[in-house]
1. With a cut-off of 20 Å, note down the residues of the stretch 157-171 whose backbone N falls inside the zone around a label point 7 Å from the Cα of SER125 toward its beta carbon.
2. Once the Cβ-Cβ distance between ALA197 and ILE228 is put in as r, and R0 is 51 Å, what FRET efficiency do you end up with, to the nearest 0.05?
3. Spin-label point model (7 Å from Cα, Cβ direction): what's the SER30 to VAL168 distance in nm?
4. Put +1 on the Cβ of every Lys and Arg and -1 on every Asp and Glu Cβ in the stretch 187-234; which of ILE203, GLY220, ALA193 then has its Cα farthest towards the positive end of the dipole?
5. Which part of the stretch 123-147 falls in the paramagnetic zone of LYS190, meaning amide N under 16 Å from the point 7 Å along Cα-to-beta-carbon?
6. Using the beta-carbon distance between GLU146 and ILE83 and R0 = 22 Å, what value does 1/(1 + (r/R0)^6) give for FRET efficiency, to the nearest 0.05?
7. What's the carbon and sulfur percent of the stretch 187-234's accessible surface, probe 1.4 angstrom, rounded to a whole number?
8. Determine the share of the stretch 76-179's accessible area contributed by carbon and sulfur atoms, expressed in whole percent, with a 1.4 angstrom probe.
Amino acid sequence: MGSQAAVSFLTNVARAAFGLGVGATLLNSSLYTVDGGQRAVLFDRFRGVIEETVGEGTHFLVPWLQRPYIFDIRTRPHTFSSISGTKDLQMVNLTLRVLSRPEVSRLPDIFKTLGLEYDDKVLPSIGNEVMKAVVAQFNADQLLTERPHVSALVRESLIRRAKDFNIVLDDVAITHLSYGAEFSKAVEQKQVAQQEAERSKFIVAKAEQERRAAIIRAEGESEAAKLISEATGSAGMGLIELRRIEASREIAATLAKTPNVAYLPGGNNMLLGLNPTLGGSR
């Protein structure tokens with residue numbers, strides 16, 4: 001009897017443990033958690049995708065019959081590049097960065113049409129489409145001189161296109177812009193030509209200034225010669241003699257300040273300090 005009671009007790013314990021295990025499994029499979037910054041969409045095997053978005057927290061579902069799909073609704077960055085042709089047939093490499101998030105109220109539609117990876121499916125394609133369409137409206141040099149206007153057009157067009165797919169864009173920015181090798185070389189040659197043109201203009205202006213200075217100098221010398229000629233005609237050679245004396249005085253004053261200059265008397269008597277008697281005896 002004791003062994004039968006023990007067997008019965010163990011059987012009851014096993015049944016209870018099995019029941020608890022099944023219950024815990026059913027309870028665990030009936031609960032799901034939506035973390036902060038997320039939303040859930042429920043798929044029902046009979047009704048399909050339920051047109052209600054489930055918010056944050058722990059929620060119940062019918063095991064096997066319903067399945068939750070979690071969406072991250074926080075803003076996420078995406079970067080992609082595109083090679084586009086300008087209005088003047090130049091190739092430009094553009095890199096675009098967007099900050100995107102799904103429209104929460106339209107998550108069931110997004111799930112039915114695009115799935116969980118909606119942004120990777122939509123943003124690169126519409127981004128390339130918009131950039132090619134906008135860049136084709138401008139010449140290559142205008143992409144630099146009118147970059148704010150180009151960015152605004154890209155932003156407006158991309159936001160409008162993303163809205164068709166229930167995607168909200170918080171920011172759109174052109175982060176990189178580069179030209180092809182041929183255009184870069186042409187720009188460099190143009191800059192060199194502009195520098196040469198400016199240099200030629202400077203040389204011409206300098207020559208013109210030198211020509212005017214020479215004319216003014218010649219006119220001044222002619223006027224001075226005319227005045228001297230008139231003064232000589234009226235006063236004789238006295239003016240020329242006065243100028244010669246003034247020049248001699250300036251030369252003498254300059255030489256007097258130089259210690260290495262010796263003064264010799266005129267004539268043939270170059271021997272100084274000799275005994276005059278010796279000279280007489282000869």
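1. Flagged as within label range: 157-169.
2. 0.65
3. 3.5
4. Farthest towards the positive end: ALA193.
5. Correct set: 138-147.
6. So the FRET efficiency works out to roughly 0.65.
7. C and S fraction of accessible area: 56 percent.
8. The value for the stretch 76-179 is 53 percent carbon and sulfur by accessible area.
The values are calculated or read from the model by the stated rules, or taken from the named source; none is laboratory data. What you see is a predicted model, and the numbers here were worked out from it, not measured in a lab. Neighbour counts run over all protein chains shown; Cβ positions are idealised from the backbone, glycine included. The protein model used for the area step is the full one, side chains on, heavy atoms only, and it has no ligands, DNA or RNA in it. Shrake-Rupley method; radii C 1.70, N 1.55, O 1.52, S 1.80 Å.
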